[in-house]
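Worksheet: the structure to be examined is printed underneath.
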Amino acid sequence: MLDKQAKIYIAGHRGMVGSAIHSQLTAAGFQNLVVRTHAELDLINQAAVSEFFQAEKPEYVYLAAAKVGGIHANNSYPAEFIYQNLMMEANIIHSAYQTGVKRLLFLGSSCIYPKLAKQPMAEGELLSGKLEPTNEPYALAKIAGIKLCESYHRQYGCDYRSVMPTNLYGPNDNFHPENSHVIPALLRRFHEAKLAAQPVVEIWGSGKPMREFLHVDDMASACVHVMALAGDDYWGRVDPMCSHVNIGFGSDVTIAELAHTVKAVVGFDGDITFNTEMPDGTPKKLMDSSLLQSLGWQPKFGLAEGLANAYEWYLANQSTVRG
């Protein structure tokens, strides 16, 4: 574990993962956390980022800041997604090097892997095939972030690490009725159906595709765990040219199984139907998290427990929740 007095900068502390990391570090007794809102620090502005690092000189950095969005946003604004993400990570990583940051953790995404990657997706699948076209600019920016960390490690000896999460859910998720991911979308849909006493909830697709889901608090604990690993423990287990670590739950469920679990958590009494005329998407997306497990980490939230936690947060925050 890091020194509780260490100065730690969390970039993106208001986001879903960044806020979970901030909460866990605070609960663990870390007393010197540095944060900035977008209004206080524009991470796309190189001069502003450099000035911030020179003034604050953090010892450790969690790089959780990113421009994120669903398929529609990625398709509509590809230039913004690649430019803003490239600039944020390049500015932070270079300023970290210039000011002697001891260790940095870069947070990526499972979309870095090829559309037709072997299942389960191991770290070595990176750059083995074509990316999913709908989010290619975002994925390329995240791949560049991994390679920035590796390059600064190879040339300068910087201890900059990367983690790639599977599908996340939990507190501070996006519950927008059109732009949210599958779990917040289902939680909201079943909740509203329960309130309206609807007899049926329709799910797009056959329900057969399989997906892996990880609670955001588990993601945060994995990030804290990887950051705290001694240098030899981390770099002695990864390939310097493929140094990122997958963070996943370790198993997947069908969308149908997910829907029935959400139905039970919400307490919806009606039926579920599947609209098989709608597309299913990729049949299976499961990450190989054996490397992370060998580094001593395991998830704590089972799916039903995690969904209940996410639903409880949604109920408590409906007046301010996104969407």
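The values are calculated or read from the model by the stated rules, or taken from the named source; none is laboratory data. This structure is a prediction, so every number in the text was calculated from the model and none was measured. Please note: Cβ atoms are built from the backbone with ideal geometry, for glycine as well, and neighbour counts cover all protein chains shown.
Would you confirm, using the coordinates I've provided, whether N172 is surrounded by 21 or more Cβ atoms within 10 Å (Cβ to Cβ) and either modelled with pLDDT of 95 or more or under 18 Å from I10 (Cα atoms) (or both)?
Working: surrounded by 21 or more Cβ atoms within 10 Å (Cβ to Cβ): no; either modelled with pLDDT of 95 or more or under 18 Å from I10 (Cα atoms) (or both): yes.
In short, no.
Only residues that are buried (at least 21 other Cβ atoms within 10 Å of the Cβ) and over 17 Å from the mean Cα position of the chain (by Cα): list them for the range 138-167, please.
Of everything in the range 138-167, those that are buried (at least 21 other Cβ atoms within 10 Å of the Cβ) and over 17 Å from the mean Cα position of the chain (by Cα) turn out to be L148, C149, E150, C158, Y160.
Confirm whether L116 is farther than 22 Å from A308 by Cβ and either in a helix (DSSP H, G or I) or out of contact with any Lys or Arg (no Cβ under 7 Å at 6 or more places or on another chain) (or both). Please lay out each step first, then the result.
Details: farther than 22 Å from A308 by Cβ: yes; either in a helix (DSSP H, G or I) or out of contact with any Lys or Arg (no Cβ under 7 Å at 6 or more places or on another chain) (or both): yes.
Yes: the conditions hold for L116.
Looking at the structure I just gave you, is S221 under 30 Å from R154 (Cα atoms), under 19 Å from the mean Cα position of the chain (by Cα) and either aromatic (F, W, Y) or buried (at least 18 other Cβ atoms within 10 Å of the Cβ) (or both)?
Values: under 30 Å from R154 (Cα atoms): yes; under 19 Å from the mean Cα position of the chain (by Cα): yes; either aromatic (F, W, Y) or buried (at least 18 other Cβ atoms within 10 Å of the Cβ) (or both): yes.
In short, yes.
Has the range 237-254 got at least one residue that is assigned to a helix (DSSP H, G or I), surrounded by 15 or more Cβ atoms within 10 Å (Cβ to Cβ) and touching a residue at least 40 places away in the same chain (Cβ under 8 Å)? Explain how you work it out, then say what you get.
Step one: list which residues in the range 237-254 are assigned to a helix (DSSP H, G or I), which gives none.
No; the residues of the range 237-254 include none that is assigned to a helix (DSSP H, G or I), surrounded by 15 or more Cβ atoms within 10 Å (Cβ to Cβ) and touching a residue at least 40 places away in the same chain (Cβ under 8 Å).
Consider V265 against the criteria (1) surrounded by fewer than 19 Cβ atoms within 10 Å (Cβ to Cβ); (2) over 30 Å from I143 (Cα atoms); (3) in contact with a helix residue (DSSP H, G or I) (Cβ under 9 Å, 6 or more places away or on another chain); (4) not charged (D, E, K, R): it satisfies all of them except one. Which criterion is unmet?
Looking at each condition in turn, V265 falls short on (1).
Among the residues of the range 272-294 satisfying the criterion of being among the polar types (S, T, N, Q) and in contact with a strand residue (DSSP E or B) (Cβ under 6 Å, 6 or more places away or on another chain), which is surrounded by the most Cβ atoms within 10 Å (Cβ to Cβ)?
S289
Quick one: what pairs do we get from the range 40-56, first residue closer than 10 Å to M87 by Cα, second of a type in the set (A, V, I, L, M) and surrounded by fewer than 14 Cβ atoms within 10 Å (Cβ to Cβ), C-beta under 9 Å, 6+ apart or different chains?
From residues that are closer than 10 Å to M87 by Cα, there are no pairs.
If I filter the range 1-17 down to residues being within 18 Å of the chain's Cα centre (by Cα) and not in a helix (DSSP H, G or I), which single residue comes out as surrounded by the most Cβ atoms within 10 Å (Cβ to Cβ)?
Residues of the range 1-17 within 18 Å of the chain's Cα centre (by Cα): 9-17.
Add one more test, that the residue is not in a helix (DSSP H, G or I), and what stays is 9-15.
On the way: Y9: 24, I10: 25, A11: 27, G12: 24, H13: 21, R14: 15, G15: 19.
Ranking the qualifying residues of the range 1-17, first place goes to A11.
Across the range 68-79, which residue is nearest to T134 (Cα to Cα) among those that are touching a residue at least 60 places away in the same chain (Cβ under 8 Å) and not in a helix (DSSP H, G or I)?
Filtering first and then ranking leaves G70.
For the condition part of a loop (DSSP other than H, G, I, E, B) and either polar (S, T, N, Q) or touching a Gly at 6+ places or on another chain (Cβ under 7 Å) (or both), what is the one hit in S206, S221?
Working: S221 fails: part of a loop (DSSP other than H, G, I, E, B).
After applying the criteria, what remains is S206.
Return the residue satisfying two criteria in turn: it lies in the range 18-32 and is among the aliphatic types (A, V, I, L, M) and assigned to a helix (DSSP H, G or I), and of such residues it is nearest to M1 (Cα to Cα).
L25
Looking at K147, K115, can you tell me which residue is basic (K, R) and free of Cβ contacts under 8 Å to residues at least 40 places away in the same chain?
Working: K115 fails: free of Cβ contacts under 8 Å to residues at least 40 places away in the same chain.
Exactly one residue qualifies, and that residue is K147.
Scan Y234, Y311 and give me the residue that is out of contact with any Asp or Glu (no Cβ under 9 Å at 6 or more places or on another chain), touching a residue at least 12 places away in the same chain (Cβ under 8 Å) and either surrounded by 15 or more Cβ atoms within 10 Å (Cβ to Cβ) or among the basic types (K, R) (or both). Step through it out loud before you land on a result.
Working: Y234 fails: out of contact with any Asp or Glu (no Cβ under 9 Å at 6 or more places or on another chain).
Of the residues listed, the single one that is out of contact with any Asp or Glu (no Cβ under 9 Å at 6 or more places or on another chain), touching a residue at least 12 places away in the same chain (Cβ under 8 Å) and either surrounded by 15 or more Cβ atoms within 10 Å (Cβ to Cβ) or among the basic types (K, R) (or both) is Y311.
Quick check on my filter: what residues within the range 80-108 are part of a loop (DSSP other than H, G, I, E, B) and either farther than 24 Å from M210 by Cα or at pLDDT below 95 (or both)? Full working, then the answer.
Taking the range 80-108 first, the residues part of a loop (DSSP other than H, G, I, E, B) are 99-102, 108.
The answer is T99, G100, V101, K102.
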